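Engineer: Attaching a single structure in structure tokens format; questions to follow.
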Protein chains: 2
Amino acid sequence: MSHESDDDRSTSAAGVIPVVLCGGSGTRLWPLSRQEYAKQHVALLEGESLFQRTLARVTGPPFLRPIVIAGVAAHFMVADQAAAAEVAIDLALEPEGRDTLAAVTLAAVLAARRDPEAPVLVVPSDHLVPDVAAFARAVEAAAALAAGGDLVVFGVRPSEATTAYGYIEPGSPLPTAGGHRVERFVEKPDADRARRLIDAGCLWNAGMFCFRPDAALREIEALAPETLARVTAAVDGATVDLDAVVVGDAFRRADKISFDHAVMEKTARAAVLPVDFAWSDIGDWKEAWRLAPKDAAGVAASGPVVATDVKDSYLRGEDRLICALGVEGLAVVDTADALLVAPIERTQEVKGLVARLAADGHPQARTPARVHRPWGWYQTMDLGDRFRVKRIQVAPGKQLSLQKHHHRAEHWVVVRGTAEVTRDGERVLLRENESIFLPSGCVHRLANPGKIPVEIIEVQTGAYLEEDDIVRIEDDFGRH
Amino acid sequence: MSHESDDDRSTSAAGVIPVVLCGGSGTRLWPLSRQEYAKQHVALLEGESLFQRTLARVTGPPFLRPIVIAGVAAHFMVADQAAAAEVAIDLALEPEGRDTLAAVTLAAVLAARRDPEAPVLVVPSDHLVPDVAAFARAVEAAAALAAGGDLVVFGVRPSEATTAYGYIEPGSPLPTAGGHRVERFVEKPDADRARRLIDAGCLWNAGMFCFRPDAALREIEALAPETLARVTAAVDGATVDLDAVVVGDAFRRADKISFDHAVMEKTARAAVLPVDFAWSDIGDWKEAWRLAPKDAAGVAASGPVVATDVKDSYLRGEDRLICALGVEGLAVVDTADALLVAPIERTQEVKGLVARLAADGHPQARTPARVHRPWGWYQTMDLGDRFRVKRIQVAPGKQLSLQKHHHRAEHWVVVRGTAEVTRDGERVLLRENESIFLPSGCVHRLANPGKIPVEIIEVQTGAYLEEDDIVRIEDDFGRH
């Protein structure tokens, strides 16, 4: 069935250029997400991230090769997750986040250089749309509407009077694809107002756009000419970093404002396409609970959970056994290094909580227990007074920097794959179950020359065991 | 001050033989306690266990060397904790638990062989009595009362109408030390009855006894002659196991009944000593919360806890950061391998929860993450498909068995102290930061010849990594 409809779609459109906006940190799903581990990259859904689900949604006909726009800090996370999802992407990196006007302008400029007339679909990377076929049908309708030069925003038909989203009031109908002019955009309302907006036929603003690059650039030129100039200059001044382009520093001077405020609310070419598919931005654990499969008592459980006489709760663990007894309306989210316990109804306060944790210097606000690096990841598994044990995974073909430490010695035991270790100029191949000692001061490097990930257990010993005791002599990833 | 009163006490009594009853598993403080890690051994109070606090309470004048009665499975836990508390004990091990009649009879028989007339104080190992001086004064009064041949039970003046304890109704006053005859024992009542009992002047049955061995044996002889015969035979047939005596198998046939039911409720020589000191058996997390220091909002927090807008809650962690937001009346107890979340008011249901976990085969019901062994402890810190990482601590002067594994190789890195390693007959001394490889099948042993604990990180590799892949060739602790 899906093959047939794919074939239908591929013949009905010349091809849509998807642009996935992948900036933002998103700590609202803390402790799963962190300041340095954005919501869209967390393995939220059966081991997949929202970013990966988004890529899957914009892959295959009618979609052309996706453009992903992310911050420089997310370079390797984005590249790794795209590779793991087996989706080839064009990756453009912003030197700093400048809100959606700059990001959408960048999308339009980049797409225009491929084809100024091919419809572009701009989607956030951290939204959930379970019905991929309905989504694809909506995109085809939006592309048809955009073909005439309109800037199309998706308006999701509300399922409840939420205060979490902005609303769009549709105006006069357009002749194409069920679209409407936009009467007006409405900021996130209070609950009363939300109910009145829904009664008046308003739609949720899903933050997804479809337009022809030439049409978008025309409107941006008229309404935000300075930002267009700066983004264009930034693209002209872009540099290549491995598999990505880093747009130039001119980007840093683009106006920091949303595309809605700067363009969509002002242009006469704004159109809204009402859509019916289920959609969510999973803005807090309450929303995650609402979307998750639940038992008859309203309990959504994932991981090793034993729930006894529990109602309407969200229980999420990893390795540790979670026993909940007699609680109701509670969110319990457990990770290797941090635990959240809060009423589901108050999980929108988690964002503020994380800000306070960060202000108080708790590392759990910033970094996850498993720290992702361009070459793979590491995680501290044990920590004593004068030792630290890490598990380190190196992706196939990758290597860490050539480095040395002043204050610590390291023992490496290979527990998976085959590692190539350089130690003071000597190179050795270590197979599973082999080990090596790296005295403090020795110049060393860990590489994975193989086809499967290498995993090692590293036992560090010494009086000072922090990450900043590192002298990088040579690095594939330009770090010092 | 305490020295003066100690001196007073040492002259006022010939010496009291304390007997600490240390049987029982006590899973009501799960996940801190486990079926194989009893409540009295958990480091509940600033790193100390209730057993250690109990030992401290019965050490120094007027107390003589304590007798500790425990199950064989607790042998090394009891010995280690007594050694850590620097209290020399006589340790008697029951081949199986047979309730308190058998245990108190054993106490009386053992004490009688020291001195049939010296007063004996029998106390459970898992109760909390913060005021040690008040406790000592009460013991002196009880000893004076017992000197005339009465069997004295301590009656704690109730601070609330709890349903968690049995009650004692005092009868006619005795001429000595404020004692009374016992009018009757009352089983744990319901709440209404508890209030009426308190109005009638009843006292909590604290399960603590004081008697002369000869007097106790006389009453036991009259009321439970078979048990006395079996316990006496078991003591005659006791064997020595390192620093303990294991009483003989006759003990297994002692009646399984409480000392209260079998003797105290029937003898004419039962006396009760009303006492005023604060006392608790810490029977659940609610009681632990009640006893813990709390902030103005009623929050008792220990470990790395961030509580935001939390009321009347018990938050206890170890390494992981616990963030509680907007909860009330909640107990959150986090350990390395299990987490409990329950309303404080329902924590008495934890015992049943653990029974269900055990029935469902959850190892967290039975063993703690840190597994205690006669030679020290180990804890799994990381576990993969084909590897396991443990931290292992060996006490000074102890050694593991001489052993081999069929299915796993081991890498050892010493991170603290100096280890002596035997490998296929060869003996090597490993200092901090040195390592050794033990291929599968090699005969090896880890020993600590030094004066401080040895800690090693063990990386096991292989396809089968369970504890039962071990062949013990030689063992200090008689294990096979």
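Engineer: In segment A:236-294, how many are closer than 30 Å to A:PRO175 by Cα and in a strand (DSSP E or B)?
Structural biologist: 7
Engineer: Can you tell me which residue is farthest from the chain's Cα centre (by Cα) among those in segment B:451-461 that are more than 8 Å from chain A (Cβ to nearest Cβ) and buried (at least 17 other Cβ atoms within 10 Å of the Cβ)?
Structural biologist: Here is the first cut: in segment B:451-461, the ones more than 8 Å from chain A (Cβ to nearest Cβ) are B:451-454, B:456, B:458, B:460.
Right, trim to buried (at least 17 other Cβ atoms within 10 Å of the Cβ) and you get B:454, B:456, B:458, B:460.
Values: B:VAL454: 26, B:ILE456: 28, B:GLU458: 30, B:GLN460: 33 Å.
Among those that are more than 8 Å from chain A (Cβ to nearest Cβ) and buried (at least 17 other Cβ atoms within 10 Å of the Cβ), it is B:GLN460.
Engineer: Would you check if there is a residue in segment B:208-223 being modelled with pLDDT of 95 or more, open to solvent by less than 50 Å² (accessible area, probe 1.4 Å) and in a loop (DSSP other than H, G, I, E, B)?
Structural biologist: Scanning segment B:208-223 turns up no residue that is modelled with pLDDT of 95 or more, open to solvent by less than 50 Å² (accessible area, probe 1.4 Å) and in a loop (DSSP other than H, G, I, E, B).
Engineer: A:VAL247: free of Cβ contacts under 8 Å to residues at least 12 places away in the same chain, within 22 Å of the chain's Cα centre (by Cα) and closer than 24 Å to A:VAL72 by Cα, yes or no?
Structural biologist: no
Engineer: Assuming B:ASP295 fulfils every condition listed in (1) in the same structural domain as B:CYS202 (by TED's automatic domain parsing); (2) without any contact (Cβ under 8 Å) to a residue 60 or more places away in the chain apart from one, which condition is it?
Structural biologist: It fails just one condition, (1).
Engineer: Out of (1) farther than 21 Å from B:VAL42 by Cα; (2) within 9 Å of chain A (Cβ to nearest Cβ), what's the single condition that is false for B:HIS362?
Structural biologist: Evaluating B:HIS362 over (1) farther than 21 Å from B:VAL42 by Cα; (2) within 9 Å of chain A (Cβ to nearest Cβ) leaves (1) as the failure.
Engineer: B:TYR464 passes all but one of (1) assigned to a strand (DSSP E or B); (2) more than 10 Å from chain A (Cβ to nearest Cβ); which number fails?
Structural biologist: It fails just one condition, (1).
Engineer: Let me ask something additional. Please find, within segment B:312-349, the residue that is farthest from the chain's Cα centre (by Cα) out of those that are more than 24 Å from A:THR335 (Cβ to Cβ) and among the β-branched types (Val, Ile, Thr).
Structural biologist: Step by step, filter segment B:312-349, then rank; the result is B:ILE344.
Engineer: Another question, then. Sort out which residues of segment A:368-411 are in contact with a Phe, Trp or Tyr (Cβ under 8 Å, 6 or more places away or on another chain) and either closer than 11 Å to A:GLN460 by Cα or within 14 Å of chain B (Cβ to nearest Cβ) (or both), and write them in order of number.
Structural biologist: A:PRO368, A:ARG370, A:LYS390, A:ARG391, A:ILE392, A:GLN393, A:HIS407, A:ARG408, A:ALA409, A:GLU410, A:HIS411
Engineer: What pairs come out if I take residues in segment A:459-480 that are free of Cβ contacts under 8 Å to residues at least 12 places away in the same chain and pair them with residues that are assigned to a strand (DSSP E or B) whose C-beta lies under 6 Å away, six or more apart or interchain?
Structural biologist: Listed pairs, sorted by first residue: A:HIS480/A:ARG472.
Engineer: How many residues are touching a Pro at 6+ places or on another chain (Cβ under 8 Å) and more than 29 Å from A:ALA133 (Cβ to Cβ) when one looks only at segment A:72-115?
Structural biologist: Adding up the residues that qualify gives 5.
Engineer: If you take just the strands (runs of 3 or more DSSP E) that sit entirely in segment A:133-191, which of them hold at least 1 residues that are open to solvent by 40 Å² or more (accessible area, probe 1.4 Å)?
Structural biologist: Numbers: elements: A:151-156, A:167-173, A:180-186.
So the answer is A:167-173, A:180-186.
Engineer: Which count do you get for residues in segment B:224-247 that are over 17 Å from B:ALA111 (Cα atoms) and either open to solvent by 40 Å² or more (accessible area, probe 1.4 Å) or in contact with a Gly (Cβ under 6 Å, 6 or more places away or on another chain) (or both)?
Structural biologist: Matching residues across segment B:224-247 total 7.
Engineer: A:VAL305: out of contact with any helix residue (DSSP H, G or I) (no Cβ under 6 Å at 6 or more places or on another chain), surrounded by 24 or more Cβ atoms within 10 Å (Cβ to Cβ) and among the β-branched types (Val, Ile, Thr), yes or no?
Structural biologist: No, not satisfied.
Engineer: Does segment B:240-284 hold any residues that are at pLDDT below 95, of a type in the set (Phe, Trp, Tyr) and either more than 30 Å from B:ARG316 (Cβ to Cβ) or touching a helix residue (DSSP H, G or I) at 6+ places or on another chain (Cβ under 6 Å) (or both), and which are they?
Structural biologist: Listed by number, the list holds a single entry, B:PHE277.
Engineer: Anything in segment B:331-349 that is at the interface with chain A (Cβ under 7 Å from one of its Cβ atoms) and surrounded by fewer than 24 Cβ atoms within 10 Å (Cβ to Cβ)? List them, or say none.
Structural biologist: B:ASP337, B:PRO343, B:ARG346, B:GLU349
Engineer: Something else now. Check whether at least one residue in segment A:314-323 is touching a Pro at 6+ places or on another chain (Cβ under 8 Å), within 13 Å of another protein chain (Cβ to nearest Cβ), open to solvent by less than 50 Å² (accessible area, probe 1.4 Å) and in a loop (DSSP other than H, G, I, E, B), and report yes or no.
Structural biologist: Yes, some residue in segment A:314-323 is touching a Pro at 6+ places or on another chain (Cβ under 8 Å), within 13 Å of another protein chain (Cβ to nearest Cβ), open to solvent by less than 50 Å² (accessible area, probe 1.4 Å) and in a loop (DSSP other than H, G, I, E, B).
Engineer: In segment A:47-57, is there at least one residue being in a loop (DSSP other than H, G, I, E, B) and modelled with pLDDT under 90?
Structural biologist: Within segment A:47-57 (the criterion being in a loop (DSSP other than H, G, I, E, B) and modelled with pLDDT under 90), the answer is yes, since at least one residue qualifies.
Engineer: Can A:ALA70 be described as open to solvent by less than 20 Å² (accessible area, probe 1.4 Å) and free of Cβ contacts under 8 Å to residues at least 60 places away in the same chain? So that I can check it myself, show each step before the final result.
Structural biologist: Values: open to solvent by less than 20 Å² (accessible area, probe 1.4 Å): yes; free of Cβ contacts under 8 Å to residues at least 60 places away in the same chain: yes.
Against the criterion (open to solvent by less than 20 Å² (accessible area, probe 1.4 Å) and free of Cβ contacts under 8 Å to residues at least 60 places away in the same chain), A:ALA70 qualifies.
Engineer: Report, by residue number, each residue of segment B:413-450 that is open to solvent by less than 10 Å² (accessible area, probe 1.4 Å), within 14 Å of chain A (Cβ to nearest Cβ) and either in contact with a Ser or Thr (Cβ under 7 Å, 6 or more places away or on another chain) or part of a strand (DSSP E or B) (or both).
Structural biologist: B:VAL413, B:VAL414, B:VAL415, B:ALA419, B:LEU438, listed by residue number.
The values are calculated or read from the model by the stated rules, or taken from the named source; none is laboratory data. Remember, it's a predicted structure, so these values are computed and weren't measured experimentally. Glycine gets a Cβ as well: all are built from the backbone with ideal geometry, and neighbour counts include every protein chain shown. We work out accessible area using only protein heavy atoms, side chains counted, and drop any ligands, DNA or RNA first. Shrake-Rupley method; radii C 1.70, N 1.55, O 1.52, S 1.80 Å.
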